[in-house]
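Participant: Sharing a structure with you now.
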Amino acid sequence: MKGVSPELYPFKSHFETVSGHQYHYVEEGKGEPVLMLHGNPTWSFYYRELIQKLSPYFHCLAPDHIGCGYSDKPGDAAYSYTLEQRVNDLETFLEKKGINQNIHLVVHDWGGIIGMAYAHRHPESIKKIVLMNTAAFHLPQSKNFPVALRLARTWIGALLIRGLNAFSSIATIEGVKRITLSSEVRKGLTAPYNSWKNRIATLRFVQDVPLKPSDRGYGIVTEMQEYLPQFRNTPTLIAWGMKDMVFDRHFLEAWIQFLPGAQVHRFEDSGHYILEDQHEVIGRLVLKFFEAAHETI
């Protein structure tokens, strides 16, 4: 894809047919599976450093959700851009790959909601969990839904996101706090979203955030939230950028209440794109965490 540096993203592309569409994924290494799920508006490129750090020791898989990265980007008539469909896609993908046990789940942003919904369906498949600036529960009562995201759910926001790629572009600036992304990294993160047609998922993800009972996906999140305590004995590491505008301390505090035994690493000087701000430190933390004996925290 034009704009994606092969030096930064040196991986062979793989595809599975999921929901009638081409579902792209990176697959590197051997051993127990590490499943890395990206959010919005990123793609598997976001995990490039972590894949290279872990693949000498683990079987790393980083898919692109439909509409993202190198995966197909169908219109609304051909695909349902909903949380339920996302979870079904992931389930189908893992079934096709024959992966159903000892999964080391790594999630960020929307990847957390999708990944933890899958984990709720298949708790016996999950060995360890890494959470980074994400959620698997409703908006905490102490947190207001950000004005910028409310705007993104309006027709004005739709024009900005699909017409100007505003969401993806701004995120490469606002998402990091400790560093400034190079032009090559910024191009890599935004490259798949290069036209009105190819920005459909970027908008649909924002529109699909379930805020009230009538919203699609609200029931899935309600049930997932209710059953989150089932993972209290699943070893969990939380790496959190404390300068995240959306997934801030309110979300982190909620995670700690749900999973009080988790290892928590707060990065006070880092933002939403925590792997860009802290890829070296987090890479070492995650590798050590995954290599440690599987003990109940």
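The values are calculated or read from the model by the stated rules, or taken from the named source; none is laboratory data. Small disclaimer: the values here were computed from a predicted structure and weren't measured. For neighbour counting, all protein chains shown are included, and Cβ atoms are generated from backbone atoms with ideal geometry for every residue, glycine included.
Participant: Name the residue that is farthest from residue 167 (Cα to Cα), counting only residues in the stretch 245-297 that are of a type in the set (Asp, Glu) and loosely packed, with under 14 Cβ neighbours inside 10 Å.
Facilitator: Step one: of the stretch 245-297, the residues of a type in the set (Asp, Glu) are 248, 253, 268-269, 276-277, 280, 291, 295.
Subset that is loosely packed, with under 14 Cβ neighbours inside 10 Å: 253, 268-269, 280, 291, 295.
Numbers: 253: 26, 268: 24, 269: 22, 280: 26, 291: 36, 295: 40 Å.
The selected residue is 295.
Participant: Residues that are of a type in the set (A, V, I, L, M, F, W, C), in contact with a strand residue (DSSP E or B) (Cβ under 6 Å, 6 or more places away or on another chain) and at pLDDT 95 or above: does the stretch 164-184 have at least one?
Facilitator: Of the residues in the stretch 164-184, the ones of a type in the set (A, V, I, L, M, F, W, C) are 164, 166-167, 170-171, 173, 176, 179, 181.
This time we only want the ones that are in contact with a strand residue (DSSP E or B) (Cβ under 6 Å, 6 or more places away or on another chain), so: none.
Within the stretch 164-184 (the criterion being of a type in the set (A, V, I, L, M, F, W, C), in contact with a strand residue (DSSP E or B) (Cβ under 6 Å, 6 or more places away or on another chain) and at pLDDT 95 or above), the answer is no, since none of the residues qualifies.
Participant: Take the stretch 84-108 and flag every residue that is more than 25 Å from residue 281 (Cβ to Cβ) and surrounded by 24 or more Cβ atoms within 10 Å (Cβ to Cβ).
Facilitator: 86, the sole residue that qualifies.
Participant: Out of the residues in the stretch 34-65 that are over 9 Å from the mean Cα position of the chain (by Cα) and either β-branched (Val, Ile, Thr) or in a strand (DSSP E or B) (or both), which is nearest to residue 290 (Cα to Cα)?
Facilitator: Per the stated criteria, the residue is 34.
Participant: In addition: May I ask you to list the residues in the stretch 47-82 that are among the aromatic types (Phe, Trp, Tyr) and surrounded by 24 or more Cβ atoms within 10 Å (Cβ to Cβ)? Reasoning before the result, please.
Facilitator: First pass over the stretch 47-82, keeping only residues among the aromatic types (Phe, Trp, Tyr): 47, 57-58, 70, 79, 81.
Answer for the stretch 47-82, where residues must be among the aromatic types (Phe, Trp, Tyr) and surrounded by 24 or more Cβ atoms within 10 Å (Cβ to Cβ): just 47.
Participant: What's the number of the only condition in (1) over 20 Å from residue 126 (Cβ atoms); (2) not in a loop (DSSP other than H, G, I, E, B) that residue 238 fails to meet?
Facilitator: Residue 238 satisfies all of (1) over 20 Å from residue 126 (Cβ atoms); (2) not in a loop (DSSP other than H, G, I, E, B) except (1).
Participant: Here's another thing I want to ask about it. Sort out which residues of the stretch 176-190 are of a type in the set (A, V, I, L, M, F, W, C) and not in a helix (DSSP H, G or I), and write them in order of number.
Facilitator: Residues satisfying the conditions are 176, 179, 181.
Participant: Only one of these conditions is not met by residue 166: (1) in contact (Cβ under 8 Å) with a residue 12 or more places away in the chain; (2) of a type outside the set (D, E, K, R); (3) in contact with a Leu (Cβ under 8 Å, 6 or more places away or on another chain); (4) closer than 23 Å to residue 275 by Cα. Which number is it?
Facilitator: For residue 166, the exception is condition (1).
Participant: Residues of the stretch 66-97 being within 14 Å of the chain's Cα centre (by Cα), within 24 Å of residue 1 (Cβ to Cβ) and either in a helix (DSSP H, G or I) or aromatic (Phe, Trp, Tyr) (or both), which ones?
Facilitator: Residues satisfying the conditions are 86, 90.
Participant: Would you kindly identify the helices (runs of 4 or more DSSP H) lying entirely within the stretch 109-169 that contain at least 2 residues that are buried (at least 23 other Cβ atoms within 10 Å of the Cβ) and touching a helix residue (DSSP H, G or I) at 6+ places or on another chain (Cβ under 9 Å)?
Facilitator: Working: elements: 110-121, 147-152, 155-164.
In the stretch 109-169, the matching helices (runs of 4 or more DSSP H) lie at 110-121.
Participant: Then there's this: What pairs can you find where one residue is in the stretch 179-206 and over 22 Å from residue 5 (Cβ atoms), the other is assigned to a loop (DSSP other than H, G, I, E, B) and small (Gly, Ala, Ser), and their Cβ atoms are less than 6 Å apart, with a gap of 6+ or different chains?
Facilitator: 200/67; 201/67
Participant: Determine which single condition residue 84 fails, assuming it passes every other condition in (1) closer than 25 Å to residue 194 by Cβ; (2) at pLDDT 95 or above; (3) not polar (S, T, N, Q).
Facilitator: If we test residue 84 against (1) closer than 25 Å to residue 194 by Cβ; (2) at pLDDT 95 or above; (3) not polar (S, T, N, Q), just (1) comes out false.
Participant: Give me a count of the residues in the stretch 254-276 that are in contact with a Gly (Cβ under 6 Å, 6 or more places away or on another chain) and not hydroxyl-bearing (Ser, Thr, Tyr).
Facilitator: Start the filter on the stretch 254-276 by keeping residues that are in contact with a Gly (Cβ under 6 Å, 6 or more places away or on another chain), which leaves 267, 270-274.
This time we only want the ones that are not hydroxyl-bearing (Ser, Thr, Tyr), so: 267, 271-272, 274.
So the answer is 4.
Participant: What residue, of 210, 192, is surrounded by 19 or more Cβ atoms within 10 Å (Cβ to Cβ), at pLDDT below 95, under 19 Å from the mean Cα position of the chain (by Cα) and within 27 Å of residue 105 (Cα to Cα)?
Facilitator: Working: 192 fails: at pLDDT below 95.
Sole residue among the options that is surrounded by 19 or more Cβ atoms within 10 Å (Cβ to Cβ), at pLDDT below 95, under 19 Å from the mean Cα position of the chain (by Cα) and within 27 Å of residue 105 (Cα to Cα): 210.
Participant: Identify, from the list 226, 276, the residue that is charged (D, E, K, R) and in contact (Cβ under 8 Å) with a residue 12 or more places away in the chain.
Facilitator: On the way: 226 fails: in contact (Cβ under 8 Å) with a residue 12 or more places away in the chain.
Answer to the check: 276.
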